[in-house]
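First up is the structure itself, then whatever we jot down about it.
The numbers here are math on the coordinates, done by the rules we state, and not lab data. All values reported here derive from a predicted model rather than from experimental measurement. Counting neighbours? That spans all protein chains shown, and the Cβs are built from the backbone with ideal geometry, glycine included.
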Number of protein chains: 2
Amino acid sequence: MTTPAIDRAQHERLANAIRSLAMDGVEQAKSGHPGLPMGAADVATVLFTRILKYDAAEPRWPDRDRFVLSAGHGSMLIYALLYLTGTPGMELDDLKKFRQLESKTPGHPENFMTAGVETTTGPLGQGLATAVGMAMAERMLAAEFGRKLVDHKTYVLASDGDLMEGISQEAIALAGHQKLNKLIVLWDDNGISIDGPLSISDSVDQLARFKACGWKAERVDGHDPDAIEAAVRRAQKSNKPTLIACKTVIGFGAPKKAGTSKAHGEPLGAEELAAAKKALGITGGPFEVAADVLKAWRGFGATGFAERKDWNTRLAALSERKRGEFERRLNHAVPAKLAKTLVAHKKALAANPVTVATRKASELALDVIVPVMPELVSGSADLTPSNNTRAKGFEDFTPKTPKGRYVRYGIREHGMAAAMNGITLHGGFRTAGGTFLVFADYARPSMRLAALMGLPVIYVMTHDSIGLGEDGPTHQPVEQIASLRAMPNMRVLRPADAIETAEAWQIALERTDGPTVLALSRQNLAPVRTDGTATNRSAKGAYELLAAEGGKAQVSLFASGSEVEIAVAARKLLADKGMRARVVSVPSLEALLEQDEATRAAIIGDAPIKIAVEAAVRFGWDGVIGTDGGFVGMSSFGASGPYKEVYKHFGITPEAVVEAAIKRHNG
Amino acid sequence: MTTPAIDRAQHERLANAIRSLAMDGVEQAKSGHPGLPMGAADVATVLFTRILKYDAAEPRWPDRDRFVLSAGHGSMLIYALLYLTGTPGMELDDLKKFRQLESKTPGHPENFMTAGVETTTGPLGQGLATAVGMAMAERMLAAEFGRKLVDHKTYVLASDGDLMEGISQEAIALAGHQKLNKLIVLWDDNGISIDGPLSISDSVDQLARFKACGWKAERVDGHDPDAIEAAVRRAQKSNKPTLIACKTVIGFGAPKKAGTSKAHGEPLGAEELAAAKKALGITGGPFEVAADVLKAWRGFGATGFAERKDWNTRLAALSERKRGEFERRLNHAVPAKLAKTLVAHKKALAANPVTVATRKASELALDVIVPVMPELVSGSADLTPSNNTRAKGFEDFTPKTPKGRYVRYGIREHGMAAAMNGITLHGGFRTAGGTFLVFADYARPSMRLAALMGLPVIYVMTHDSIGLGEDGPTHQPVEQIASLRAMPNMRVLRPADAIETAEAWQIALERTDGPTVLALSRQNLAPVRTDGTATNRSAKGAYELLAAEGGKAQVSLFASGSEVEIAVAARKLLADKGMRARVVSVPSLEALLEQDEATRAAIIGDAPIKIAVEAAVRFGWDGVIGTDGGFVGMSSFGASGPYKEVYKHFGITPEAVVEAAIKRHNG
């Protein structure tokens, strides 16, 4: 955008409008964080009046610059900005409802509550790491659709806490390695944290650290608008991502609390608030913004209108086919061919059953998915040969090959998961990323945000049980499956063979409102399915794989993934003993539990004996088998050894299943 | 120790013995990681022949230098060293059982399987971050008991992966801030990761990064023993922690695979193995170590004997009281006074019931615990005023106040949890550390290691539900309680009032074989207990708080923490409607489920209607209430708003409990 000259006095009135609204919002809510909005108001004002490409009237314009408030606790900053710039739907009344139920102004910014909020933030470090993904997606999409449609930058406002969290290291190292020069982080360097001066817990030279990670970094006075602007302009020309440390005073303007942790996370109180307004020269009552100031702000909110109009013209000039594809991609619409492709793949597998690990089956599925889904960005946290995530046709994404769709995330599970959120939020891409299932623990905070935001990212998590064998208990997930099932809106799929793996991929890709974990085996699994049905039998979470023979079932055996073949073998052993058992494959326990009562009851069945088999903890299975059901699985951490021996050691065998059934039959 | 001169040829024979055993061990196991032991053999040999203070005969000598193999996948390195130096219990036969069930040589080093292994490693970054805690504990213990008893260093061998993980940033920032000059990290800088050359995913200048975090850092040739030794000697004199980047060749000696990712994680294969041995001048069959080499190694293993003897003399010279206290502390024995103190505290609370948040109740408990438990190290990840972890009598632990027992961990939950593991492993201290419960997700990998290793660390996790209100769903745990309950050996306690909080602290502190999460409320809770009984009623996980009145119970109401008062209120409402209900307080669901069947059944009772109330997901509760039980709680993420409104919004109220009971009564 072109920058109208803004003198210091005008700038201060604009910035003070943010401060004023932030103070009033927090005071009215009787809770919240005035310190950051007051301290960072100058930085934000420079961004929104001089730097950002945006049209407040259309916060979803695809080619807008992204602004991520990583320091989400300072949410009143973004709410004030959205109001001041005239974003539709953000009225003064919304600011007055700060931190109230169902308001557009929740305690931390939630992208699903508020237009103009790019991503949910609050858990520290996430915004910064998510922005790295946004900047990656911008480069990828530009490489594919051209700079006429895709040419924007990603700005982050980060706090000390964002930079202390370990995820920031993963994110900045990844950004530096990828030379994401359109990523510009403004650090609200106020030297204060909740416990007091930052110096009681930190001595890091952040500029040097960022430089060590391949960033440009400089320091400015965070209350000098021209200095901030000049630094951003320099950053825009850099061939590296940039950190601008903006030295600020937390709670700027509050006579007694500014510069102290008292300004951070609680209302200023009536007296201090009044004194702050006086000191800042703010007149008028609570939530009042002088008409000329509001008018000026609204003008800045609209300066991107012409640019957006031009962009729309360029979009309209595209061929219908190209425009359609661009829009499909931005809308995360699944390609029409996907379902057919996967059904054909299932039929091929039914015709030629393969005994493979489900991680390999996942690669086979990817091999057919990739050609029909150009938006799929895959990757791994340095476990490519183990996760089988680099299917045919993938090329590495590097600064020199921005069309590459395979990301070498490095040994950075957390940074990977956050970047996947950012790639997805940006639009234009779907993402899949691999690690070992046990290391879901490293990525969990970002996975939770994907679930909360409803982002359809896919985690390819292999080596999903003690079946990984020799690497031992640190690498053997036993509680991760349960812990992920417990997370709202997270879908966990643990397929039993190649056909179920294809169905799992279909479910994951057709899901557009939440993330999916694919829990995949290291070890080979014999096929349990030989039907090439078009129906996705895994879709309800479970289905009867094998009915009882010769009469009503006396036993229902439930199993997921690699243990389905154990249930199948147990069924046969039981038949030899004259007991009729059915086998229910449960690729997704929580999906089964979410079915309506009738569906669930029909699948679970009414056999008097219910046994579940899963090489993981029982936690959660009582919802299927009841408190008196039998469970053959883990109750402790695993052990190092060849996997077949480990299974025997922990008693996860067909014989143990039979024993559990017979005990209940006789007892 | 004094350093006998070791010439290059002798050094190489010593180092090649490690390489040889590592190759053979991996080959025999048909799995494992030869690359690191071969590449880092020179570094390790320098440490174990020239640097470390240790007596192989007594790997538990409290004043030994610690050696942490953070790159746990290179486990054959430590196993070979333990054998070569003559650590009791590590025989050649054990090396031959590498990666076999129940061997002392599991895939990754497990401190509970193998004497001489300081900490379980394998999940990357953990060893380094744990070592930071060890170094902190050394300084703390030395400040208390003097340098005559406590004067050792902590050495870490770390890999590229350790340094890429975000936790490394938290750990090194903490170590730099605390100026832990006795911490020396040797980085096996081999430039290779699983996906290939490190350059495909990383460009960080690690030396610059460590320097930015307050470390001394230098680079040496990792195959030049004298250069390595000289660098370590310089590090020993530094007033900062030190990183020594040791440039090595992964799989050093393997003619074809050295320097490539093929050397990393799989057996070399017979041909390459033979060629490597030939190239290195190693003769003899598999697992054969030349007699003179073994003898030399055993000599190095014993050089610390005299020093240990002297130390024992110094220990024996202490007063019986001081020696007893030192030994009690090292053994994690709970002070005799603790139980009495907490019972007295309970009696006082019973006499003067207080309505407080359980986080405040936790502070009240700490106020009485601290004076009788000088070994308790508390701290918070920058939420001290929220977690209430800085009770009376705590002083900050800083370089200038090493006797301080309160650690300002900064906004580093993961680093905090790992450091707590290290402090506990070192001996002499118990640890408690605070953050919000939702941020357990950030710390989870280290918490899992505490559970796996059986370390009695205590997590003070406040703001334990939607009851935190305005901060909204990113800060409101709904699935964390379930996800932690699912973890083997993790105890989760969610007390309902001040008396239960005192009981929770007693359970946590008296537990010496595993970690405990204290899930504590932000909001005030009215007392539900007014008995000052000496019995710890929370010990079995649950107990009948209120019996049914006027006959056999028709309804059992189960609740934990802040929802117990809701269950109590519902019981009264049900009584008004003529229904008899009892209330079972369940501070620990998983402890209840672990009771023997009779105990469990007695507590759960046989009322036909079972309803559980918890402001969290149902996952796991079916084990108590069965599939047909009623659950009043959460099934989605939370929302921002004043907490009483949030509770109503999600229908977690006495009225909802009554409705669920009546529905079942009528249905």
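Looking at the range A:15-309, send over the antiparallel percent of its DSSP beta bridges, to the nearest 5. Could the numbers behind the result be given before it?
Values: 2 of 24 bridges.
For the range A:15-309, the DSSP antiparallel bridge percentage is about 10.
Given the range A:336-520, report the % of alpha carbon pairs whose separation exceeds 25 Å. Could the numbers behind the result be given before it?
Details: 4587 of 17020 pairs.
Here the long-distance tail beyond 25 Å is 27 percent of all Cα pairs in the range A:336-520.
Set the Förster radius R0 to 51 Å, insert the Cβ-Cβ distance between B:LYS309 and B:ALA351 as r into 1/(1 + (r/R0)^6), and round the FRET efficiency to 0.05.
So, using R0 = 51 Å, E works out to roughly 0.40.
Please tell me the relative contact order of the range A:336-520 in percent, rounded to the nearest whole number, where contacts are Cα pairs under 8 Å and at least six residues apart.
On the way: 360 pairs, mean separation 44.4, N = 185.
Relative contact order for the range A:336-520 comes out at 24 percent.
What order do you get for B:343-350, A:166-173 when each peptide is scored by the mean count of other beta carbon atoms within 10 Å, highest first?
Numbers: B:343-350: 19.1, A:166-173: 30.8.
Result, highest mean Cβ count within 10 Å first: A:166-173, B:343-350.
Taking N as the number of residues in the range B:15-309, what is its Cα Rg relative to 2.2 N^0.38 Å? Present the calculation step by step, with values, prior to reporting the outcome.
Working: Rg = 17.9 Å, N = 295, 2.2 N^0.38 = 19.1 Å.
Cα Rg divided by the expected 2.2 N^0.38 Å: 0.94.
Going by how many other Cβ atoms sit within 10 Å of their own, how do A:HIS665, B:HIS33 line up, fewest first? Please report the intermediate quantities before stating the final value.
Values: A:HIS665 14, B:HIS33 26.
Fewest-to-most Cβ neighbours within 10 Å comes out as A:HIS665, B:HIS33.
Per-residue mean of other chain beta-carbon atoms within 10 angstrom of the beta-carbon, peptide B:463-473? Walk me through the numbers before you get to the answer.
Values: counts 0, 0, 0, 0, 0, 1, 4, 11, 12, 13, 12.
So the per-residue partner count for this stretch is 5.
Take A:ARG139, B:ARG485, A:ARG298 and order them by how many other Cβ atoms sit within 10 Å, fewest up front. Walk me through the numbers on the way to the answer.
Details: A:ARG139 21, B:ARG485 28, A:ARG298 14.
Least crowded to most crowded, the residues run A:ARG298, A:ARG139, B:ARG485.
Under 18 Å from a point placed 7 Å out from the Cα of B:ASP7 along the Cα-to-Cβ direction: which residues of the range B:39-56 have their backbone N that close?
No residue passes the distance filter.
If we hang a label 7 Å off Cα along the beta carbon direction at A:ARG323, how far is it from the matching labels on the other copies, in nm, shortest first?
For A:ARG323, the inter-copy label distances come out at 9.0 nm.
Once you list every other residue whose beta carbon is under 12 Å from the beta carbon of A:ALA539, what net charge do they have if Lys and Arg are +1 and Asp and Glu are -1? Could the numbers behind the result be given before it?
Details: positive: A:ARG491, A:ARG511, A:ARG537, A:LYS540; negative: A:GLU500, A:GLU503, A:GLU510, A:GLU594.
Here the count lands on 0.
For the protein assembly as shown, give me the percentage of DSSP beta bridges that are antiparallel, rounded to the nearest 5 percent.
Details: 16 of 128 bridges.
Restricted to the protein assembly as shown, the bridges split so that about 10 percent are antiparallel.
Kindly list the residues of the range B:599-618 that lie in the label zone of B:LYS663, defined by a backbone N under 14 Å from the point 7 Å along the Cα-to-C-beta vector.
Only B:610-613 pass the distance filter.
With 10 angstrom as the radius, rank B:ARG580, B:ARG50, A:ARG233 by how many other C-beta atoms surround their C-beta, starting from the fewest.
On the way: B:ARG580 17, B:ARG50 22, A:ARG233 12.
Neighbour counts put them in this order, fewest first: A:ARG233, B:ARG580, B:ARG50.
With an 8 Å cut-off on Cα pairs and a minimum separation of 6 or more residues, tell me the relative contact order of chain A in percent.
Values: 1506 pairs, mean separation 79.0, N = 667.
That works out to 12 percent.
Using θ = phi - 60° and the Karplus relation 6.51 cos²θ - 1.76 cosθ + 1.60, list the HN-Hα couplings for the range A:101-108 in order, rounded to whole Hz, with x at every Gly or Pro.
3, 6, 7, 7, 10, x, x, 10
Run lengths n ≥ 4 of DSSP H only: what is the helix-derived mean residue ellipticity at 222 nm for the protein assembly as shown, with -39500 (n - 2.57) per run over all residues, to the nearest 500?
Numbers: 54 runs with 561 residues, N = 1334.
The helix-only estimate for the protein assembly as shown comes to -12500 deg cm²/dmol at 222 nm.
Kindly flag which residue pairs out of A:LYS97/B:LYS648; A:LYS610/B:LYS663; A:LYS104/A:LYS309; A:LYS552/A:LYS572; B:LYS96/B:LYS256 have an alpha-carbon separation exceeding 22 Å in this structure. Mind showing how you got there, number by number?
Details: A:LYS97/B:LYS648 18 Å; A:LYS610/B:LYS663 27 Å; A:LYS104/A:LYS309 28 Å; A:LYS552/A:LYS572 16 Å; B:LYS96/B:LYS256 25 Å.
In this structure, A:LYS610/B:LYS663; A:LYS104/A:LYS309; B:LYS96/B:LYS256 lie more than 22 Å apart at Cα.
Quick one: give the max-minus-min coordinate of the C-alpha atoms of the range A:543-666 along each principal axis, largest first, in Å.
That gives 42, 34, 23 Å along the principal axes, largest extent first.
So how many Å³ per residue does the convex hull of the Cα atoms of the range A:174-261 work out to?
Numbers: hull volume 7.8 nm³, N = 88.
Dividing the Cα hull volume of the range A:174-261 by its residues yields 89 Å³.
Of the peptides A:538-549, A:445-456, B:382-393, how do they stack up when ordered by the mean number of other Cβ atoms within 10 Å, highest first?
Details: A:538-549: 18.9, A:445-456: 25.0, B:382-393: 21.2.
Highest-to-lowest ranking by the protection proxy: A:445-456, B:382-393, A:538-549.
With only alpha-carbon pairs counted, each pair once and no self-pairs, how large is the Kirkwood hydrodynamic radius of the protein assembly as shown in angstroms?
Answer for the protein assembly as shown: a Kirkwood hydrodynamic radius of 32.0 Å.
Looking only at other chains, what is the average number of their beta-carbon atoms within 10 angstrom of each beta-carbon in A:99-107?
On the way: counts 7, 6, 11, 5, 3, 0, 1, 8, 12.
For this peptide, the per-residue mean of nearby foreign Cβ atoms is 6.
Jot down the per residue volume, in cubic angstrom and as a whole number, of the convex hull over the alpha-carbon atoms of the range B:318-423. Before the final figure, lay out each step's value.
Working: hull volume 13.0 nm³, N = 106.
Taking the convex hull of the Cα positions in the range B:318-423, it is 122 Å³ per residue.
Given all pairs of different Cα atoms, what value in angstroms does the Kirkwood hydrodynamic radius of the range B:579-649 take? Intermediate values should be presented prior to the final figure.
Working: mean 1/r = 0.0730 Å⁻¹.
So the Kirkwood estimate lands at 13.7 Å.
Using a 10 Å cut-off on Cβ to Cβ distances, tally the other chain neighbours for every residue of B:486-494 and report the average as a whole number.
4
Output the antiparallel fraction of DSSP beta bridges having both residues in chain A, as a percent to the nearest 5.
Numbers: 8 of 64 bridges.
Among the beta bridges of chain A, antiparallel pairing accounts for roughly 10 percent.
Classify chain A from the C-alpha gyration tensor, please: rounded if a/c falls under 1.5, else prolate or oblate depending on whether a/b exceeds b/c. The partial results should precede the final answer.
On the way: a/c = 2.32, a/b = 1.94, b/c = 1.20.
Prolate is the answer for chain A, as a/c is 1.5 or above and a/b outweighs b/c.
With a point put 7 Å past each Cα toward its Cβ, work out how far B:ALA115 is from B:LYS400 in nm, to one decimal.
Spacing of the two 7 Å Cα→Cβ label points: 4.5 nm.
From the phi of every residue in the range A:315-322, what ³J(HN,Hα) in whole Hz does the Karplus formula 6.51 cos²θ - 1.76 cosθ + 1.60 yield, where θ is phi - 60° and glycine or proline is x?
4, 5, 6, 5, 4, 4, 5, 5
Starting from 0.36 nm per residue, how many nanometres of slack lie between A:ARG234 and A:ASP292 once their C-alpha separation is accounted for? It would help to have the intermediate numbers written out before the result.
Numbers: separation 58, 0.36 × 58 = 20.88 nm, distance 3.14 nm.
Full extension of this stretch gives 17.7 nm more.
Spelling out what I want: for every residue of the range B:443-448, take phi, set θ = phi - 60°, compute 6.51 cos²θ - 1.76 cosθ + 1.60 (Karplus), and round to whole Hz; glycine and proline get x.
9, 4, x, 6, 5, 5
Which three semi-axes in whole Å describe the equivalent ellipsoid of the range A:64-155, each the square root of 5 times a Cα gyration tensor eigenvalue, listed largest first? Present the calculation step by step, with values, prior to reporting the outcome.
Details: eigenvalues 143, 46, 16 Å².
So the three semi-axes of the range A:64-155 are 27, 15, 9 Å.
Between B:ALA344 and B:HIS649, what is the spin-label point distance in nm, taking each point 7 Å from the Cα along the Cα→C-beta axis?
Placing both labels 7 Å along Cα→Cβ, they lie 4.6 nm apart.
Placing +1 at every Lys and Arg Cβ and -1 at every Asp and Glu Cβ, with all other atoms neutral, what dipole size does the protein assembly as shown have around its Cα centre, in debye to the nearest 20? Spell out each step's value before the answer.
Numbers: 160 positive and 152 negative charges, 167 e Å.
About 800 debye.
If a paramagnetic tag sat 7 Å from the Cα of B:THR530 along the Cα-Cβ line, which residues of the range B:334-359 would have the backbone N under 20 Å from that point?
Inside the label zone: B:344-358.
For chain A, find the longest principal axis of its Cα atoms and tell me its angle to the long axis of helix A:75-85, 0 to 90°, nearest 10.
Roughly 60 degrees between the two axes.
If packing is taken as the mean number of other Cβ atoms within 10 Å per residue, what is the order of B:308-317, A:520-529, highest first?
Values: B:308-317: 13.3, A:520-529: 21.9.
Highest-to-lowest ranking by the protection proxy: A:520-529, B:308-317.
Shortest first and in nm to one decimal, what separations exist between A:PRO371 and its copies in the other chains, measuring from label points 7 Å along the Cα-to-beta-carbon line?
7.9
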